[in-house]
Structures are given as C-alpha cells and as structure tokens.
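Notes follow once the structure below has been shown.
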2 protein chains.
Amino acid sequence: MFSSTSEILKRNQLSVTESRKKILDMFLRTDGALAHADIEQRSGTGFDRVTVYRTLQTFVEKGIIHTIPTTDNSVRYALCKDECSAGHHHDDHIHFLCDACGTTYCLDHITVPAVQLPKGFRATQTDVVVSGICSKCNPV
Amino acid sequence: MFSSTSEILKRNQLSVTESRKKILDMFLRTDGALAHADIEQRSGTGFDRVTVYRTLQTFVEKGIIHTIPTTDNSVRYALCKDECSAGHHHDDHIHFLCDACGTTYCLDHITVPAVQLPKGFRATQTDVVVSGICSKCNPV
DNA sequence: ACTACAATGCAACAATGTTGCAAAATATTT
DNA sequence: AAATATTTTGCAACATTGTTGCATTGTAGT
C-alpha cells in the first residue's frame, strides 16, 4: 500500500499545505536521514527557514519523523515507520552513519540488542548509532 | 593510582594553564557528562566562551574527553578512560540519559552488544544511548 | 632571566534556532 | 459556493551557539 503525502497529513490531523507536502515528499523520496540544512537547500527557491523549523517540529510531535542522535552537533531527521504514532515512538532501531559518504541509514529490520543496566536503572528507549563504511562505499 | 590535572595535561603534551586545569578538574569531579553551558556557568567568574570552546576541542583531539551522542541538539562531553589516546578512541560503552534529573552516565563497565549489520557494512564505532530513569530518581 | 612559542581574551562575525504578529492559506460552517 | 473561523506562513527582530583573526598575556625551554 502506498500513501500520498496528503493522505499521511490527513491521517495525522494536519492541514494539507504546500510546504508540508513538499517536505514530507522529500522524506519519502530519501532513503536516509535529512538535516534541516538539506531540506532548506533542496527545496529549491523554497520556504522560509522558520517554516521548515516549525514543520519539522510538527512532524516530530505527530510521530511522522524522528530525530537521530549524532556525535557531532547536527540534528537529523528520518521517517518513522507505521508503528509510530503521536507521542508513542517505536524508535528502537539502529542508525548507521557512513563516514565516507555521510549518509544516515535507518536499519529498521535490525533488532536492538538488549542492554543489561545496573540495578535501579530503567530504560524507556535505546538508541544505537553505528559509524563506519556503508555497502556502497565499501571496497569489494 | 590518582592523576592530578597537571599530570594529565603534561602526559598529553599540553601546556598547563589555569583554564585547562580548572575545566579538566570539573570533569574529574563530575560523575556524568558536561555540556558547554555547564562548564561556562559553573566555572564561576570564569573564562571566555571562546576559551571553553577551544579547550574542549583540544581535549577531544587529545582523547581526554569525548562527545556523547544525544537526540536533541545538545553536545555533551565526558571523560575518556585511560585506553583512549589521541585519535584512537575506545568509546564503545553505553551512555545513560536520565529523563528525570537530566544526568548523563557513562556506563563504562557495560559491554556494548554486538550488532549484526547488513552485508557490505563495516562498523568502526558503536554508540549506545539509553534513556530512562536512573537509580537515584527511580522509586523503590 | 631571556627567548620562542602557545594560549587567552576581545571583537567581530557566521550559523542556528526562537518568538510575535500581520497576511495568506486552509478548513469548517451555513 | 460563499462567509467565517482556524491554522499556517513569512517577515522582522531577537537569542543562542559556535567560529575566526589578532594583539596581549602566559607558559616552556635554554
């Protein structure tokens, strides 16, 4: 089943606007993750910086996208899978950051291994960020 | 064995200065991680913002501290263990971020579980960030 | 103590993110 | 389909965060 941008927006009780459709479309067409700068640049003669900020914020709140932890101070966003709903993320998957090409992959199908925490610690979410070389950049 | 700030600095071929000693001392006295803002504030009638930035940068380069990945756009630093040397980090340990008190713990003694990557992907570093409630904030 | 070198502070700048408000677009009602 | 209510956008101004060049100060080595 294939959802259009408008459908996804309506499903999340968001008014359908040009900027939201366009930004959501970028995520649907991109395999990896996007940073704020990517969106602002690629959107061509695009939207106001503020609009992009607010749109991303809205999408995160609605559970359409999620932020990816990074070691540097950049913020990246990626599409959530269908299991995500507002305020109820299912982000326990692995992110892979290629040091060569800079692409961020969401490896949704790989399960996050269970982590044994010290006594008294209770986990609500586990993020795993693996850095290295991706299959495209890896010499055979 | 206990190392003084001066000893640590000399061991890393850094000139021993007031700011470096003071900032390094903050890390030695702190269990968790520190953000730039923490350092600037706690250092009292302290140093220039630029000095803090440059000092942190230098410490990261020398392998004295390392950055911690976070989901929000904040950058946090924590002491490296002795195995770390310049450009050759041994950061494969788990970070725990308490949602209640905001403290970041470096759980050095917990091993990062092996992650099975797709074919062609090669990992050089694995960061695990667990969010939840720490032992201090957890109701018994 | 003198010299060479490195670190600091200041100023100015660049980048990133936030807020208030009028104008425009979208949704809802009649 | 038109009018009203609501939401979103763009602009401006601002706040925060991080960077760079350069003179001054401090540190290291002889």
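Kindly flag which residue pairs out of A:Lys119/B:Lys119; A:Lys21/B:Lys119; A:Lys22/B:Lys119; A:Lys119/B:Lys81 have an alpha-carbon separation exceeding 28 Å in this structure.
A:Lys119/B:Lys119; A:Lys21/B:Lys119; A:Lys22/B:Lys119, as the Cα separations exceed 28 Å there.
Taking chain A as a Gaussian network, Cα atoms linked when under 10 Å apart, which of A:Leu56, A:Leu14, A:Leu79 shows the biggest mean-square fluctuation?
A:Leu14
Charges on Cβ only, +1 for Lys and Arg, -1 for Asp and Glu, centred on the Cα centroid of the protein assembly as shown; of A:Leu97, B:Val50, B:Asn12, which one is farthest towards the dipole's positive end?
So the residue furthest toward the plus end is B:Val50.
To test your reading of the geometry: what angle, between 0 and 90 degrees and rounded to tens, separates the Cα axis of helix B:49-62 from the longest principal axis of chain B?
Taking the Cα atoms of chain B, the angle to B:49-62 is about 60 degrees.
Just how large is the dipole of segment A:5-132 about the Cα centre, in debye to the nearest 20, putting +1 at every Lys and Arg Cβ and -1 at every Asp and Glu Cβ? Working shown, then result.
Details: 14 positive and 16 negative charges, 72 e Å.
With Lys and Arg at +1 and Asp and Glu at -1, about 340 debye.
For chain A, what is the largest minus smallest coordinate of the Cα atoms on each principal axis, given in angstrom and ordered from greatest to least?
Principal-axis extents of chain A (Cα, largest first): 47, 40, 33 Å.
Kindly provide the chymotrypsin sites (Phe, Trp or Tyr not before Pro) of segment A:1-75 that DSSP labels as loop, not H, G, I, E or B, and whose Cβ sees at most 15 other Cβ atoms within 10 Å.
Values: sites: A:Phe2, A:Phe27, A:Phe47, A:Tyr53, A:Phe59; in loops: A:Phe2, A:Phe47.
Passing sites in segment A:1-75 are A:Phe2.
Treating the angle as unsigned and between 0 and 90°, give the value, to the nearest 10°, between the Cα long axis of helix B:18-29 and the longest Cα principal axis of chain B.
Between the helix axis and the principal axis of chain B, the angle is about 40 degrees.
Which whole-number percent gives the relative contact order of chain A, counting Cα pairs below 8 Å spaced six or more residues apart?
18 percent.
Once R0 is set to 45 Å, what does the formula 1/(1 + (r/R0)^6) return for the Cβ-Cβ distance between B:Met26 and A:Val50, expressed as a FRET efficiency to the nearest 0.05?
Working from the Cβ atoms, E equals 0.80.
Over the alpha carbons of the protein assembly as shown, what is the largest minus smallest coordinate on each principal axis, giving the biggest first in Å?
Largest first, the protein assembly as shown extends 62, 52, 39 Å along its Cα principal axes.
Roll a 1.4 Å probe over the protein chains and send me the accessible area per residue for segment B:5-132 in Å². Walk me through the numbers on the way to the answer.
Details: 6820 Å² over 128 residues.
Result: 53 Å² of accessible area for each residue.
The values are calculated or read from the model by the stated rules, or taken from the named source; none is laboratory data. Since the structure is predicted, the reported quantities are computational estimates derived from the model, not experimental observations. Cβ atoms come from the backbone with ideal geometry, glycine included; neighbour counts cover every protein chain shown. Protein only, heavy atoms only, side chains kept; ligands, DNA and RNA dropped before computing areas. Shrake-Rupley method; radii C 1.70, N 1.55, O 1.52, S 1.80 Å.
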